[in-house]
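In what follows, a single structure is set out as structure tokens and then discussed.
What follows is calculated from the coordinates using simple rules that are stated; it is not laboratory data. Not measured: the values here are computed from a predicted model. For neighbour counting, all protein chains shown are included, and Cβ atoms are generated from backbone atoms with ideal geometry for every residue, glycine included.
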Amino acid sequence: MAELDTSGGGKHKGGKIRSKKASTRIDLTAMVDLAFLLITFFIMTTTLAKPKAMDMFMPDKSKKDVQLPVPETRTMTVWLGANDKIEWFIGAPGKTPPTVSNFGKDGIRKDLVEQNQKIKATHTGPDNDMIVLVKPSDHSTYKNFVNMMDELSIAGINRYGVVDITPAEVAQLKKDGNY
């Protein structure tokens, strides 16, 4: 471990008397072993960052279930266009003009929360949740889709579906300059 060297200034004939110089030498082998043991321990016991993923449940395509009618007044359709633009409307397509929005707390999130509150206020009973249909276009990005799923989660929307966009809806996006 540590050694103390006591050899040093001896007595010489006719010379000055010098004090003994103590030189120290510290053996750090045990300290290095301990450091490597600690590093190994922390590497083995650390959990790595787990990827965050949202679970999506898709229906089985082999089964043909009977579709229950859903009131149009509870349905919000969201079109994901190009350049981070969103168009949405309540009800059936063509009856109300779509509203153009964007992502963020002052964009689609605010619209989702407001429309959900309106629907819950006007519809009574246990089945008064808003249903959101997300329709990504060919010019929307994967980032836009993930952002939309995040906005639905933040707004507390539990019922939503991802649906293919129709050619008529693509034509409306083109007409509005969002395709």
Problem - Cα long-axis angle, helix 142-155 against the chain (0 to 90 degrees, to the nearest 10) - result: 80 degrees
Practice task
Determine the shape class of the chain: with a ≥ b ≥ c the square roots of the Cα gyration tensor eigenvalues, call it rounded for a/c under 1.5, and otherwise prolate if a/b is greater than b/c, oblate otherwise.
Solution key: prolate
Practice task
Sort 87, 72 so that the residue with the fewest other Cβ atoms within 10 Å of its own Cβ comes first and the one with the most comes last.
Solution key: 72, 87
Handout entry: Eligible aspartates and glutamates near residue 118 by straight Cα distance, threshold 15 Å, same-chain separation 8 or greater
Key = 72, 127, 129
Handout entry: Rounded to 5, the percent of DSSP beta bridges in the chain classed as antiparallel
Key = 50 percent
Problem - Cα centroid separation, segment 55-124 to segment 154-179 (Å) - result: 8 Å
Completion exercise
Cross-link reach from residue 175 to lysines, straight Cα distance under 28 Å and at least 8 residues apart if same chain, gives 85, 95, 105, 110, 135, 143
